[in-house]
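Asker: Next up is a structure, given as structure tokens.
Taken together, the values in this text are just the output of simple stated rules run on the coordinates, not laboratory data. Please read all numbers here as calculations on a predicted model, not as lab measurements. Using ideal geometry, Cβ is built from the backbone for each residue, glycine included, and neighbour counts are taken over all protein chains shown.
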Amino acid sequence: MLNNSKWISYPTDPVFHSPVLKRTFSAGEIKRATLEITSLGCYVATLNGQRVGDFILAPGGTSVKRVQMQTYDVTSMIKEDNVLQVTLGKGWFRGRLNTRNSEEKPDWYEALKCQLHIVDKDGNDSYIYSDEDWQASLGPVTFTDIYDGEHYDATYEMEFVPAKSFDYTGVDIVKQQGEIVKEQEIIKAHRIFKTPKGETVIDFNQNLTGYCQIELDAKAKERVSLSFAEVLDKDGNFYTENYRSAKSEFEYICKEGKNVHKPLLTFYGFRYIRVNEFPCEVTPDSISAIVVHSDIKRTGYLSSSNPLLNKLFSNIIWGQKGNFLDIPTDCPQRDERMGWVGDAQVFVRTASYNYDVNRFFEKWLEDMRLDQYPNGSVPFIIPHYWGECGSTAVWSDAITICPWQIYLTYANKSVLRKMYPCMKKYIDHIGTITKSKYLWTECWQFGDWLGLDAPAGSYKGSSNDDIIASAFYYYSTTLVDKIGKVLGYKCKKHETLSKRIKEKFKKTFKEFKTQTECVVALYFDLTDNKEAVAKKLANMIIENGKRLKTGFVGTPYLLHALSENGYCELAYDLLLQEDYPSWLFSVKQGATTIWEHWDGVNDKGEFWSKDMNSFNHYAYGSVADWVYGVACGIKTVEDKPGFEEVFIAPHPTKKLNHLSAKIETRHGTVESAWYKEGNSFRYEITTPVKATVVIEGKTYNLEKGRYVF
Ligand code: BGC
């Protein structure tokens, strides 16, 4: 693709300054003009001063082995005399956290490759390729980086010199595969106030991902300087320590007169903006927030009679919006913003109900396929931007769990077909690194990350790594077996292997000491003493004041493990718990997104840590899949995936007056709602397809329609 075009860039490494590449040309009357374009780093293209397309941070974040190419119809933008201009930034590809950029000094930097195809009125073709006929200058974006923000000088005078072309064979150019990232909504200032320190701060009343737009009249060279933050500290002051090394700033040098501007090549995770410098009075119209995320369609809705729970549902949606920016990131604000595979694995079911993420995950899984190590190890960050990061249980299991969920929600068999060889390699790889056959033991693991039973000073809960890793080894092997069967393979290898793992697990691990250990044993069906283990789990929770202690591993399955084993009411107690630690505790503390840590802000208003304290980390938002799938009871059917048929078994509680879930599937909208009416419940079920419905133990086989029980 783009075979006749060259990679071009500014003649020397622009470091943090953004280069601008320019090509002028004339055109007569035309029938059609099409721009195909990509970059190393990210780009913003304009034609005659008008932005081409609306893809923010194009060409997106992918494996460093490939870049996506976008195609734009620019017919209506072509004039007689034209200027095609492209500003380049670092994006993820050349971001400062991409370790290959710091480890080896690359002989390439931000670069452009494009082709403009013009068909004139008589049908003749002509082409403009990126080559040495282009001009290059350093541009008005004088500093840009996705972590540190952007500086823009509206008075900057560009000096153009011939562009440099070079060979770079490190990437394949592929067509746009994922959803594009777009501006989604504008949020106006909710309040502008002075902090106790006397700083001027704007509150947008919502933690979000995107950037700001400034609008002001100014004199040339006057400065705007803004900083971004998610939270205020307990005294009400602006707080950015949890961003760690990410500076997240925006600086702007004004031109004379009216200035309207937004950053071009970066993004921020924020609720608050501190106005460090502004040449005139700050009003709600001077600075607004623009929400940016992948252009995924909302499909899932939850609602209840409890306002705190509704806020939690909203926070889960905002957590997804904020972290689905081309890559499923852990968080959008501090110096990470990476595709941590464990986080995506934990959240994928919820994600696929909330939004249509079929394309989004197809693209990311392709990056996983490309970045898997040849020995089968799955990096814990995809795209693989960080040095050595080999397989770890739960995280690397994203390679089986995510494709399987995308298949269940969207009936996407091709993603299974593509990933199946990678999954098999991964399972084989575990066999080569474990110290005990048929288990996964004595390897370095993240464990029950952020579990509250962690020893002092550790991020890792005290659950046994070998129990967790072996349970996931078993689970992934069962999925590979199932997927092989879906794809029509006759191979028995994974069926046999999973049986062996299960037997060995049961023989080796008989005692489960933590909440998370009990959860994995129950959820993955790895104990013969389910009743006793469930009772133990329930007792641990009750003795802890009906509160959880689980981290990244136990939390997503905790409520399932309880409700599947006769403790549905206790699951509701956890869901509705308002004291720390709980989902609603953060809501009561004013959260507008999902927190990374249960006590991001504790009940004294203090931060638990400054190092690992994101206020926009979607992982614990995975509780929504229990609300969709158990509380409201909407489940996919494995042999009729993509909601071709549906299973609905609501589990109501008298602790709520009402709960409802709605999922817009490829076959139509499925809805399940229940209402408390005196001592009983009224159920309202809508199914667009054949459904098996279980109401209070009684099974109904229904055709499509709306039913009230
Ligand atoms: C990330 C997590 C991630 C973890 C690995 C953190 O720094 O933010 O969400 O999964 O590292 O344990």
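Asker: Using amide H atoms built in the peptide plane, which far-off residues or other-chain residues are under 5 Å from residue 665 H to H?
Answerer: 670
Asker: A further question follows. Describe numerically, in nm with one decimal, the distance between label points set 7 Å from Cα along Cα→Cβ at residue 492 and at residue 708.
Answerer: Roughly 5.5 nm, to one decimal.
Asker: Can I ask one more? With an 8 Å cut-off on Cα pairs and a minimum separation of 6 or more residues, tell me the relative contact order of the chain in percent.
Answerer: Details: 1738 pairs, mean separation 78.6, N = 709.
Answer for the chain is 11 percent.
Asker: Out of the range 220-253, which trypsin sites (Lys or Arg not before Pro) are coil in DSSP terms and have no more than 13 other C-beta atoms within 10 Å?
Answerer: Qualifying residues, ordered by number: 221, 234.
Asker: Distance between Cα centroids, the range 196-219 to the range 250-306: provide it in whole Å.
Answerer: 7
Asker: If you don't mind, another one. Between residue 225 and residue 310, what length in nm is gained on full extension when 0.36 nm per residue of separation is reduced by their alpha carbon distance?
Answerer: 27.0 nm
Asker: First select every other residue whose beta carbon is under 11 angstrom from the beta carbon of residue 451; then total the charges, Lys and Arg +1, Asp and Glu -1.
Answerer: -1
Asker: As a check on your grasp of the helix formula, calculate [θ] at 222 nm for the chain: sum -39500 (n - 2.57) over DSSP H runs of n ≥ 4, divide by the residue count, round to the nearest 500.
Answerer: -7500 deg cm²/dmol
Asker: Now for a different question. Output wanted: per-residue J couplings in Hz (rounded whole) for the range 465-482, from phi through Karplus 6.51 cos²θ - 1.76 cosθ + 1.60, θ = phi - 60°, x for Gly and Pro.
Answerer: 4, 5, 5, 4, 5, 5, 5, 6, 4, 4, 4, 4, 5, 5, 5, 4, 4, 4
Asker: May I ask you to list the trypsin sites (Lys or Arg not before Pro) in the range 454-525 that are in a DSSP loop and have at most 16 other Cβ atoms within 10 Å of their Cβ?
Answerer: Numbers: sites: 460, 482, 485, 490, 492, 493, 499, 500, 502, 504, 506, 507, 510, 513; in loops: 490, 492, 510, 513.
In loop regions of the range 454-525 (DSSP not H, G, I, E or B), the sparsely surrounded trypsin sites (Lys or Arg not before Pro) are 490, 492, 510, 513.
Asker: May I pose another question? Compute the signed sum of charges (Lys and Arg +1, Asp and Glu -1) over the other residues within less than 12 Å, Cβ to Cβ, of residue 645.
Answerer: Local net charge: 0.
Asker: Taking amide H positions as placed in the peptide plane 1.01 Å from N, state which residues far from residue 330 in sequence (5 or more) or on other chains have amide H under 5 Å from it.
Answerer: 337, 338, 340
Asker: Given the C-alpha atoms of the chain, compute the convex hull and give its volume per residue in Å³.
Answerer: Value for the chain: 173 Å³ per residue.
Asker: Simple spin-label model, 7 Å along Cα-to-Cβ: residue 602 to residue 283 in nm?
Answerer: Distance between the two pseudo-spin positions: 4.5 nm.
Asker: If contacts are Cα pairs under 8 angstrom and at least 6 residues apart, what is the relative contact order of the range 629-709 in percent?
Answerer: 25 percent.
Asker: Can you list the GluC sites (Glu not before Pro) in the range 645-678 that are in a DSSP coil and have 13 or fewer other beta carbons within 10 angstrom?
Answerer: Answer in residue order: no site qualifies.
Asker: Counting only other residues whose beta carbon sits under 12 Å from that of residue 340, what net charge do I get with K and R as +1, D and E as -1?
Answerer: Spelling it out: positives minus negatives among the neighbours equals -3.
Asker: List, in order, the whole-Hz ³J(HN,Hα) value for each residue of the range 689-695 obtained from phi through the Karplus relation with A = 6.51, B = -1.76, C = 1.60 and θ = phi - 60°; use x for Gly and Pro.
Answerer: Values per residue, Gly and Pro as x: 9, 4, 9, 9, 10, 10, 10 Hz.
Asker: Grab the alpha carbons of the range 127-182, take their convex hull, and tell me the volume per residue in Å³.
Answerer: Dividing the Cα hull volume of the range 127-182 by its residue count gives 187 Å³.
Asker: Also, quick follow-up: Please report the equivalent ellipsoid semi-axes of the range 212-364, computed as sqrt(5 x eigenvalue) of the Cα gyration tensor, largest first, in whole Å.
Answerer: With the √(5λ) rule applied to the range 212-364, the semi-axes are 33, 18, 16 Å.
Asker: While we're on this one: Set the bar at 20 Å for Cα to Cα. Now go through 113/418; 418/635; 194/234 and name every pair that lies beyond it.
Answerer: 113/418; 418/635
Asker: A follow-up question, please. Could you order the peptides 293-301, 434-442 from most to least packed, using the average number of other C-beta atoms within 10 Å per residue?
Answerer: In decreasing order of mean packing, 293-301, 434-442 become 293-301, 434-442.
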